[in-house]
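Trainee: Let me begin by handing over the structure; questions about it come next.
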Amino acid sequence: MALPSLWSEMRVGILLLSALSLLSAGLVGAAQDPGNVIPAESRPCVDCHAFEFMQRALQDLKRTAYSLDTRTDTLLLRAEKRGLCDCFRAIH
């Protein structure tokens, strides 16, 4: 049951990253004329900001996956414990 929500969160993250890359590519292409070159010193470090954003998004996805994995393990252990308790009660 936790697996579909993990996939949906991963899909949302991938879609956000894709949209960000498309928007940044469109903005870079629209901001420059073919004969106009902006010196590197005056340009903002767009790649650095995008990289930091993607790093934070990846860390958030890792935390979410770890949280879901931990919850899944807890639920599985509870189910196994209930099953063992039910078997033990049936035997005695």
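The values are calculated or read from the model by the stated rules, or taken from the named source; none is laboratory data. The shown structure was predicted, so the numbers you read here are calculated from the model rather than taken from an experiment. Side chains are part of the model used for accessible areas, which takes the heavy atoms of the whole protein and leaves out ligands, DNA and RNA. Shrake-Rupley method; radii C 1.70, N 1.55, O 1.52, S 1.80 Å.
Trainee: Of the residues that make up the stretch 48-56, is at least one at pLDDT 90 or above, under 14 Å from the mean Cα position of the chain (by Cα), open to solvent by less than 70 Å² (accessible area, probe 1.4 Å) and closer than 26 Å to G13 by Cα?
Mentor: No; the residues of the stretch 48-56 include none that is at pLDDT 90 or above, under 14 Å from the mean Cα position of the chain (by Cα), open to solvent by less than 70 Å² (accessible area, probe 1.4 Å) and closer than 26 Å to G13 by Cα.
Trainee: Could you pull out the residue among L68, L22, L16, L77 that is open to solvent by less than 60 Å² (accessible area, probe 1.4 Å) and modelled with pLDDT of 70 or more?
Mentor: L68
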